[in-house]
Amino acid sequence: MEHIVKNWIKQAAADLDSAQYNAKGKKYDVAAFLCQQSVEKALKGLYLQEKKELWKTHDLVRLASLLEAPQGIIGICNELNPIYFEERYPDFSDTIPAEKFNKEEIDDFLEKAKEVLEWIKTKIRS
């Protein structure tokens, strides 16, 4: 089980790295999605460690709440939560995902995703 948990965390870190790469290339929609995915995978890894099961959901707030995350982490999850749908589906709003996000938003998402991953890394057993 420990190996699987670590794989979730490693993939979360890889997704965050890919988010940074896409942000540099001004692919802001992809970067936003990867920020959300990074946090989701890290939360799922921690959930797997703590609850001994994988919960298949995209609800970052619910995952963070069930893990008794600090309010600041839950707040970040609340901000990143809508990205899963906003970035994937062009019928979510009048703006297509490729035109929705800007550099400032992505820089903010990147910092917030890093913060969540850092908190989760303090909780993962080595």
Query raised in the report: If one takes the longest principal axis of the Cα atoms in the chain, at what angle in degrees, from 0 to 90 and to the nearest 10, does the Cα axis of helix 2-24 lie?
Result: 20 degrees
Query raised in the report: So how much slack lies between LYS6 and LYS123, counting 0.36 nm per residue of separation and subtracting their Cα-Cα distance, in nm?
Result: 40.9 nm
**Report entry** Virtual spin-label span in nm between GLU79 and SER65, 7 Å along Cα→Cβ
**Finding:** 2.0 nm
Query raised in the report: Over the Cα atoms of the range 2-123, what is the Rg over Rh ratio if Rh follows Kirkwood?
Result: 0.97
Query raised in the report: Quick one: putting +1 on the C-beta of Lys and Arg, -1 on the C-beta of Asp and Glu, what dipole do you get for the chain around its Cα centre, in Debye to the nearest 20?
Result: 660 debye
Query raised in the report: Between their Cα atoms, which of LYS41/LYS123; LYS24/LYS51; LYS44/LYS112 are more than 25 Å away from each other?
Result: LYS24/LYS51
Report task. Working from Cα positions, state the angle (0 to 90°, nearest 10) between the long axis of helix 28-51 and the longest principal axis of the chain. Result -> 10 degrees
Report summary line: One finds, for LYS51 and ASP107 with R0 = 25 angstrom and r their Cβ-Cβ distance, a FRET efficiency to the nearest 0.05 of 0.15
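Bear in mind these aren't lab numbers, they're just calculated from the coordinates by the rules spelled out. This one's a predicted model, so the numbers in the text were calculated from it and none came from an experiment. Here Cβ is always computed from backbone atoms with ideal geometry, including for glycine, and neighbour counts include all displayed protein chains.
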